[in-house]
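Read the structure below first, then the notes.
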Amino acid sequence: MRISILFFLSICFSQLVGQDIQNLQKVVSELSLKEKIGQLCMVATTNADTGSDSNSLALLSPYTLNSEYIEYLIQHYHIGGLIFLYDNTLKNIATSINYYQLLSNIPLLIGIDAEWGLQMRITDAIRFPRNMTLGAIKDKKLIYELGKEIGRQCKLLGIDINFAPVVDVNNNGKNPVIHNRSFGDDAVLVAQNSCLYIKGMQDSGVLTCAKHFPGHGDTAVDSHEDLPVLNHSIERLEEVELLPFKQVIKSGVDAIMVGHLCVPALDADNVPATLSHAVCTRLLREQLGFNGLIVTDGLGMKGITKYYSIGQVAVKALLAGADILLCPIDVQETIDAVEQAVQAGILLEKDIDSKVVRILQVKEKQGRQVQIETESIENKINSVQAENLKKLLFESSITLVRNHNNIIPIKSVERVACIQIKTLENMFSIEQPNAFIAHLPASIAKLSCAKEHIATNIQAIIDYLRDFETIIIPIFEINKFASQNYGISDEFFDIIQPLKENQKRIILVLLGTPYSLQLFDNYNIDAIIMAYENDVCAQQAAVDVICGKVDPNGKLPIRIAS
């Protein structure tokens, strides 16, 4: 009987497009309580072959569930969706989505984190710039075009919802988790870019999800590791953190992800926002008027698992107002806990029904997914047009932070050298030179120095560079951790100081976080180029700026404190 009912529901669902909410309510009324709860679960998978002990596997690593366990969850728990994470390939994901969708009686909601494109989770997809890089771009039409292109690629792959953009305002240079995933530290800029990115994706037929409400930008704690606390007043939150969320809600964002953040000004009980009725329902749903899907951040993150059990997290998140439980650690325990809460009167079944209806409305909007063509998927996604857009985005972001005496672009008559500082391990690599060095004109001398040998060879380096007027110093290995000086080692400063003492003009190229600029305040460097990322396109664009082939039109998306 159950099989025939589910088959009937599947047929009904395929005919729902354009129908009113009563039809969806009828579909929900035909589901058992367990099936309704299953629809609220969006489970993570990586397609990894991780063994057969699925239950213990789920408890150990909820983000690496294998295909056999996913099949089991679809068939026995009727889960509502899947989110693909980590080290997948385009063809494997397309094949898996085709298979999983056929297994499920009600269409699965397929999601992915594609903040800077599918390559964030898929190894053989093109990688676009991160949000901080995009925040430097003045031509805002390009942000829309990127959203549209990422949406096109998601649609081709069978992805229904992109858990992007990040709309957090990153006004804390020590933020270890948001940082370059944010458009910058200006709330208005973040809001503007977020709305354009969202409009582009939606115009390609893909759902969008703004994150991490109510704002994860001004934290120095990673919610993957612990619970951050945001101690700001209501007035400050309204002016900064909440402003972009208000704008994307007005623009029609489809979903909002709530972060594992403690914000005492919003909830005096110091409950994580994910589990807070004051945040999810009173603020987001009622005050801000958001009618779309409310999604939890990943439920395997230590920001909540350190303080609550699997069952507590599920029940409290639904009571708070969440519609989708993202990446539950143990689906069976999650569903059992929610079912018991309903039976005990803690949760009301009518509220579960409302959440399922909201989810089915989204699925109805997307329609029943057709089978994806897998053989040519790589060529369709990694198109020439996509590559050209990526190149244009990086070129448009390059920022000329300083240019004393207009030494950029360099003149053809100048004597110019470029120093590349490498680790000793890489000095004798047989790999081809990186794109920056390879793209430099032949007239520019190239010198590679082992980082480990700088201290004992300073004078030899200075002697070698004696006849050169201008020295280019690119820094590639920059990270986002303030505690590590953003990955910039002392050896760079050991080189810069004596070069300045010898009256050399220095062009510094930073291929990483703009927060690293503050480290060079005291060195009187003649020209600084901010390229934001160590990507081939960024490297080539930086060289083209030095040589006068590209105008540096970017603007710093953050303020640098001296």
*Could you list all residues from the stretch 65-90 that are under 18 Å from GLN119 (Cα atoms) and buried (at least 17 other Cβ atoms within 10 Å of the Cβ)?*
LEU82, ILE83, PHE84, LEU85, ASN88, LEU90
_Scan of the stretch 142-196 for residues that are among the hydroxyl-bearing types (Ser, Thr, Tyr) and within 18 Å of GLU238 (Cβ to Cβ), ordered by number_ = SER194
*Kindly indicate whether ILE421 is surrounded by fewer than 20 Cβ atoms within 10 Å (Cβ to Cβ) and over 26 Å from the mean Cα position of the chain (by Cα).*
no
*Given the conditions (1) free of Cβ contacts under 8 Å to residues at least 60 places away in the same chain; (2) within 23 Å of the chain's Cα centre (by Cα), which single one is not true for TYR515?*
(1)
_Among the residues in the stretch 184-192, are any of a type in the set (A, V, I, L, M) and touching a Ser or Thr at 6+ places or on another chain (Cβ under 7 Å)?_
yes
_Meets criteria (of a type outside the set (Lys, Arg), under 30 Å from ASP535 (Cβ atoms) and loosely packed, with under 14 Cβ neighbours inside 10 Å) for GLN385_ = yes
_I'm trying to understand the selection: among the residues of the stretch 450-500, which are assigned to a helix (DSSP H, G or I) and of a type in the set (Val, Ile, Thr)?_
ILE458, ILE461, ILE462, ILE495, ILE496
*Does at least one position in the stretch 108-118 carry a residue that is within 17 Å of the chain's Cα centre (by Cα), over 18 Å from PHE394 (Cβ atoms) and part of a helix (DSSP H, G or I)?*
no
*Regarding ILE506, is this residue in a loop (DSSP other than H, G, I, E, B), closer than 19 Å to ASN403 by Cβ, in contact (Cβ under 8 Å) with a residue 12 or more places away in the chain and among the β-branched types (Val, Ile, Thr)?*
no
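Residues are listed down the side, and each one gets a yes or a no for (1) at pLDDT 95 or above; (2) touching a Lys or Arg at 6+ places or on another chain (Cβ under 9 Å):
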site	(1), (2)
LEU60	no, no
TYR69	no, no
TYR72	no, no
ASN88	no, yes
LEU108	yes, yes
ASP113	yes, yes
LEU118	yes, yes
ALA125	yes, no
ARG130	yes, yes
*What number of residues in the stretch 375-386 are of a type outside the set (A, V, I, L, M, F, W, C) and within 14 Å of ARG152 (Cβ to Cβ)?*
5
*Filter the stretch 371-386 down to the residues that are touching a helix residue (DSSP H, G or I) at 6+ places or on another chain (Cβ under 9 Å) and part of a helix (DSSP H, G or I), then identify the one that is farthest from ASP124 (Cα to Cα).*
GLN385
_Quick test for you: out of ALA337, ALA341, ALA314, ALA322, pick the one residue that is in contact with a strand residue (DSSP E or B) (Cβ under 8 Å, 6 or more places away or on another chain), farther than 13 Å from HIS260 by Cα and either modelled with pLDDT of 95 or more or hydrophobic (A, V, I, L, M, F, W, C) (or both)._
ALA314
*the stretch 474-491 residues that are farther than 25 Å from VAL416 by Cβ and touching a residue at least 60 places away in the same chain (Cβ under 8 Å), paired with ones that are part of a loop (DSSP other than H, G, I, E, B) and charged (D, E, K, R) (beta carbon under 6 Å, 6 or more apart)*: ALA482/LYS174
_Going by what's in this entry, would ASN522 be described as without any contact (Cβ under 8 Å) to a residue 40 or more places away in the chain and more than 20 Å from ILE546 (Cα to Cα)?_
yes
*asked:* I'm told GLU491 meets every condition in (1) at pLDDT 90 or above; (2) surrounded by fewer than 22 Cβ atoms within 10 Å (Cβ to Cβ) except one. Can you identify the failing condition by its number?
replied: (1)
*Residues being of a type outside the set (S, T, N, Q) and farther than 14 Å from LYS316 by Cα: count how many of those fall in the stretch 345-359.*
8
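Sort out which residues of the stretch 285-294 are assigned to a helix (DSSP H, G or I) and either touching a strand residue (DSSP E or B) at 6+ places or on another chain (Cβ under 6 Å) or charged (D, E, K, R) (or both), and write them in order of number.
Result: ARG285, GLU286.
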*Could you check, for the stretch 438-461, whether at least one of its residues is free of Cβ contacts under 8 Å to residues at least 12 places away in the same chain, over 17 Å from PRO498 (Cα atoms) and surrounded by 13 or more Cβ atoms within 10 Å (Cβ to Cβ)?*
yes
*Please give the number of the condition LYS504 fails out of (1) modelled with pLDDT under 95; (2) charged (D, E, K, R); (3) touching a Pro at 6+ places or on another chain (Cβ under 8 Å).*
(3)
*Can you confirm whether the stretch 499-513 contains a residue that is out of contact with any helix residue (DSSP H, G or I) (no Cβ under 7 Å at 6 or more places or on another chain) and β-branched (Val, Ile, Thr)?*
no
*With respect to the numbered conditions (1) within 29 Å of GLU225 (Cβ to Cβ); (2) touching a residue at least 60 places away in the same chain (Cβ under 8 Å); (3) out of contact with any Cys (no Cβ under 6 Å at 6 or more places or on another chain), which one is the sole condition not fulfilled by PHE163?*
(3)
*List every residue pair whose Cβ atoms sit under 8 Å apart, with the two residues 6 or more apart in sequence or on different chains, where the first one lies in the stretch 184-195 and is farther than 15 Å from LEU142 by Cα and the second, anywhere, is surrounded by fewer than 23 Cβ atoms within 10 Å (Cβ to Cβ) and of a type in the set (Asp, Glu).*
ALA187/GLU239
*Tally of residues being crowded, with 21+ Cβ neighbours inside 10 Å and among the basic types (Lys, Arg) across the stretch 140-169*: 1
_Is it the case, given these coordinates, that GLY111 is surrounded by 18 or more Cβ atoms within 10 Å (Cβ to Cβ), of a type in the set (Gly, Ala, Ser) and within 26 Å of TYR77 (Cβ to Cβ)?_
yes
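The values are calculated or read from the model by the stated rules, or taken from the named source; none is laboratory data. Note that the structure is a prediction, hence the values are computed from the model and not measured. Note that we place each Cβ from the backbone using ideal geometry, even for glycine, and neighbour counts take in every protein chain shown.
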